[in-house]
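Student: Have a look at the structure that comes next, please.
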Amino acid sequence: MNLNQLKHKQYNFYKSLDCVYCPVLDINIHFTSQGYNHLLYKSDSIPRNQNEKYIRLLFLTYVPEVIKNATEVYSIRELEGLVKGKPKKILHYGLVAEVNNYKIRVIIQRIGNGNHTFLSVMPHDRYKSKKHPKV
């Protein structure tokens, strides 16, 4: 399957997601357009390379399972950023779970007092792992 076919398939899958309950954070994770766009573009709107897009889109299928099955918060990053011109506290939570023999990391974001939203997915050990799921 080429990248354009995968993008179309995974976009439809992503649109079907509303929210997923995360037991380890005890909250619902929402899926916004920002999360899907972050799979294709870096934070500064620079397109990701083709391989990176392909891998992130492949692992998107496993995101709900990772959110439901993560047993601990792997990392928490606290950032300061401008949102609509106003300074806001931004939290990133890293969740890790093994799904179908792949160790997968999902990043959840919370801006200020807003909802927890899906931001990104990637292989947890992305530099050592050369084996990726087939579509």
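The values are calculated or read from the model by the stated rules, or taken from the named source; none is laboratory data. Since we're looking at a predicted model, the values are computed, not measured. Don't worry about glycine lacking a Cβ; one is built from the backbone with ideal geometry, like all the others, and counts go over all protein chains shown.
Student: Output the residues belonging to region 1-52 that are surrounded by 15 or more Cβ atoms within 10 Å (Cβ to Cβ) and either basic (Lys, Arg) or on the phi > 0 side of the Ramachandran plot (or both).
Tutor: Residues satisfying the conditions are Lys7, Lys9, Arg48.
Student: Still on this structure: Kindly provide the set of residues from region 34-54 that are of a type in the set (Lys, Arg) and in contact (Cβ under 8 Å) with a residue 12 or more places away in the chain, ordered by number.
Tutor: Lys53
Student: When you go through (1) within 13 Å of the chain's Cα centre (by Cα); (2) in contact (Cβ under 8 Å) with a residue 24 or more places away in the chain one by one for Lys88, which number turns out not to apply?
Tutor: (1)
Student: Continuing with this model, one more query. Mind checking whether some residue in region 62-74 is surrounded by 12 or more Cβ atoms within 10 Å (Cβ to Cβ), among the aromatic types (Phe, Trp, Tyr) and without any contact (Cβ under 8 Å) to a residue 24 or more places away in the chain?
Tutor: no
Student: Additional query: Pull up region 20-55, narrow it to residues that are hydrophobic (A, V, I, L, M, F, W, C) and over 13 Å from the mean Cα position of the chain (by Cα), then point me to the one that is nearest to Leu82 (Cα to Cα).
Tutor: Across region 20-55, the extreme among qualifying residues is Ile46.
Student: Based on what the data block shows, is Ile111 in contact with a Gly (Cβ under 7 Å, 6 or more places away or on another chain) and either over 18 Å from Phe31 (Cα atoms) or surrounded by 14 or more Cβ atoms within 10 Å (Cβ to Cβ) (or both)?
Tutor: Criteria not met by Ile111.
Student: Right, something else. Could you list, in sequence order, the residues of region 114-135 that are at pLDDT 55 or above and of a type in the set (S, T, N, Q)?
Tutor: Asn115, Thr117, Ser120
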